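The values are calculated or read from the model by the stated rules, or taken from the named source; none is laboratory data. Quick caveat: nothing in here was measured; it's all calculated off a predicted structure. Reconstructed Cβ throughout: ideal geometry from the backbone, glycine too, with neighbour counts over all protein chains shown. For the accessible areas, the whole protein counts, side chains as well, though only heavy atoms, and no ligand, DNA or RNA atoms are used. Shrake-Rupley method; radii C 1.70, N 1.55, O 1.52, S 1.80 Å.
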Amino acid sequence: MASDELKLLGTWTSPFALRVQLALSFKGLSYENVEEDLKNKSELLLTNNPAHKKVPVLIHNGKPVSESQIIVQYIDEAFSGTGPTLLPTDPYERAIARFWAAYVDDKLLASWLQSFRGKREEEKAEGLKQTLVAVEHMEGAFKDCSKGKPFFGGDSVGYLDITVGCLISWAHAGEKLYGFKIFDADRSPLLNAWMERFGALDAAKKVLPDADKLVEYAKMRQAEAAASASNN
Ligand SMILES: N[C@@H](CCC(=O)N[C@@H](CS)C(=O)NCC(=O)O)C(=O)O
């Protein structure tokens, strides 16, 4: 609706903020993108997400919604007449999509982060092991949800495509930084092909950050962390 005002508080490096940008992009909704400095959080962020103080926050006509997966579901419901429907309409399929979306953040993302952020080598190795288990499950989820079609959502992009799609730029950056390809063609051929397909869509290309810029950003953060460790 023309009268709707949408403001997104995020950072360009946040996969969670990107998840919301992807949903807005696929829905064809205009919004104001507000780049937050997480080292110096704005009053707008602190007052609109006092519980977590995290991005993303979507402010719709002055009312805030937080947590990326909840925001994407909200966008789909609040703008049901605009653009494609993201969540499956069948209640069972909707429950399954929500199940795998929670799995992406709780297991896949958590273990993948541990595989390179772990404090000790054993922690990293365990993270990698759990990542591979999670990828195997997600490969199966893709097979079941897509039913042989190009996307998790079937013929078109749906909720799970957006939930996993926000990891694509970091997947490319992670490969450049650590040599580990999360959706490898041998281990997960379906996800590997899906990643290329999803990343090539105009609505995705419009918002996915450049992997080389993420690599530069990650190196800068690593240098900052090393400097602060040597000062302590
Ligand atoms: N579960 C949250 C995670 C959001 C999150 O971790 N955001 C990070 C940026 S990637 C953040 O705002 N961190 C600031 C902080 O932890 O203080 C979601 O899905 O939105």
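A few comments on the model shown:
- By accessible area with a 1.4 Å probe, ligands and nucleic acids excluded, highest first: order of 12, 112: 12, 112
- Net charge dipole size for the chain [Lys, Arg +1 and Asp, Glu -1 on Cβ; Debye, nearest 20]: 300
- Rounded percent of accessible protein surface that carbon and sulfur make up, the stretch 6-78, 1.4 Å probe: 53
- Exposed trypsin sites (Lys or Arg not before Pro) absent: longest stretch of the chain, with sites in DSSP loops and at most 12 other Cβ within 10 Å deemed exposed: 40-118
- Convex hull volume per residue for the stretch 6-78, taking Cα atoms only, in Å³: 79
- Put a plus charge on the Cβ of each Lys and Arg, a minus charge on the Cβ of each Asp and Glu, and nothing anywhere else: the dipole of the stretch 1-87 about its Cα centre is then about 220 debye.
- Heavy-atom SASA rank of 111, 30 (probe 1.4 Å, accessible area, largest first): 30, 111
- Diffusion coefficient, µm² s⁻¹, Stokes-Einstein with Kirkwood Rh over alpha-carbon pairs of the stretch 1-123 at 10 °C and 1.306 mPa s: 101
- Sequence-separation-based contact order of the stretch 6-78, relative, with Cα cut under 8 Å and 6+ spacing, percent: 39
- Hull volume in cubic angstrom per residue (convex hull over the Cα atoms of the stretch 91-212): 99
- Annotation: the antiparallel percentage among DSSP beta bridges lying fully within the stretch 6-78 is about 65.
- Amide proton proximity set for residue 57, modelled H, under 5 Å, gap of 5+: 9
- Of all DSSP beta bridges in the chain, antiparallel share, percent nearest 5: 70
- Cα lying deepest toward the dipole's positive end in the stretch 91-212, options 125, 99, 207, charges on Cβ: 99
- Between the residues 81, 185, 55, the greatest Cα displacement towards the positive end of the dipole of the stretch 46-193, with unit charges on the Cβ of Lys, Arg, Asp and Glu, is found for 55.
- One Cα centroid belongs to the stretch 167-199, the other to the stretch 103-157; the line between them spans 11 Å.
- Contact order relative to length of the chain, as percent, for alpha carbon pairs under 8 angstrom and 6 or more apart: 19
- Rounded to the nearest 10 Å², the accessible area of residue 59 at probe 1.4 Å: 20
- Over the chain - Rg/Rh using Cα atoms and the Kirkwood inverse-distance radius: 0.97
- Computed over protein heavy atoms with a 1.4 angstrom probe, the accessible surface ordering of 108, 113, largest first, is 113, 108.
- In this Cβ point-charge picture (+1 for Lys and Arg, -1 for Asp and Glu), the stretch 91-212 has a dipole of about 140 debye about its Cα centre.
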